[in-house]
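Right, one structure below, let's go through it.
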Amino acid sequence: MEQKNFLDQVRGFRNNSLKKVSTKVTAADGQQFIETLEDGAYSVHKQSVISAGYVIDNRADITVSLIMPGLILGSQDVAAELQILEDFNVTHILNIGFRIPNHFESKFIYKNVEILDDPGSDIKIFFEGCFDFIDDGRQEGCVLVHCNAGVSRAPTIVIAYLMNRCKMTLKEAYSLVKSVRSCVRPNDGFMKVLEEYEKELHDSNDNQQ
């Protein structure tokens, strides 16, 4: 008897019997939509939000990537972990993020370069100042270079530093940084800057010979 009642319920099922369900969807470009299932049909409504240009990941990333003695690379989360900083004997912090506070100004020497992770941003104008700061940090202890996610801006500075100070090619420097931090990916504009910088360094070396 119970089986018959169940089959009758299945046969009598209608889509409009479904409960109303709403799901928030974030697209790759940061836009958000609300998908709603009601009366057996979907409706999609775009939300008015300020897009960051990427899907924001709020999970903490405290991975420390050792580039070479005295130089580490990471995200903003590493810069907020005092124990990690002390474990790596950090003395200097190069903050290349956007609106990221210096958490321990009484304990470390900071340099701030506020720049957006935008292909049109002129990151090259900060190279020499950042290189000198990294040199100072390596001489006194260890320097952490970080941006927001440790994916584009900070790696660009570190790659350029290796090209300048260690005479590496772009391919060599990129491969080294990528080998210790797999998520590294400078945006297309920054990669073009690095390619042009490699040519500039090459031409400069030729002129000195």
For the range 60-114, what % of the accessible area comes from carbon and sulfur atoms, probe 1.4 Å?
48
Using only Cα positions of the range 62-200, each an equal point scatterer, no hydration layer, compute I(q)/I(0) via Debye at q = 0.14, 0.15, 0.21 Å⁻¹ and quote the log10 values to two decimals.
-0.55, -0.63, -1.32
If you take every residue apart from LYS171 with its C-beta less than 11 Å away from the C-beta of LYS171, what net charge results, scoring Lys and Arg +1 and Asp and Glu -1?
-2
Taking the solvent-accessible surface of protein heavy atoms with a 1.4 Å probe, what is the per residue accessible area of the range 96-160 in Å²?
45
Please sort by residue number the trypsin sites (Lys or Arg not before Pro) in the range 65-123 whose DSSP state is loop and whose Cβ has at most 15 other Cβ atoms within 10 Å.
ARG99, LYS107
Computed P(r) (all Cα pairs; the range 107-155; 10 Å bins; percent):
22, 56, 20, 2
Spherically averaged projected area of the range 55-99 from its Cα convex hull (nm²)
3.7
Cβ crowding within 10 Å averaged over residues, with 186-199, 61-74, 137-150 ranked highest first
137-150, 61-74, 186-199
Each residue of the range 137-149 in order: what ³J(HN,Hα) in whole Hz does its phi give by Karplus 6.51 cos²θ - 1.76 cosθ + 1.60, θ = phi - 60°, with x for Gly and Pro?
x, 5, 6, 8, x, 8, 10, 9, 10, 9, 10, 7, 9
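The values are calculated or read from the model by the stated rules, or taken from the named source; none is laboratory data. Only a predicted model underlies this, so the values are computations on that prediction, with no experimental measurement involved. Cβ coordinates were reconstructed from backbone atoms using ideal geometry, including for glycine residues, and neighbour counts include every protein chain displayed. With ligands, DNA and RNA removed, areas are computed over all heavy atoms of the protein, side chains included. Shrake-Rupley method; radii C 1.70, N 1.55, O 1.52, S 1.80 Å.
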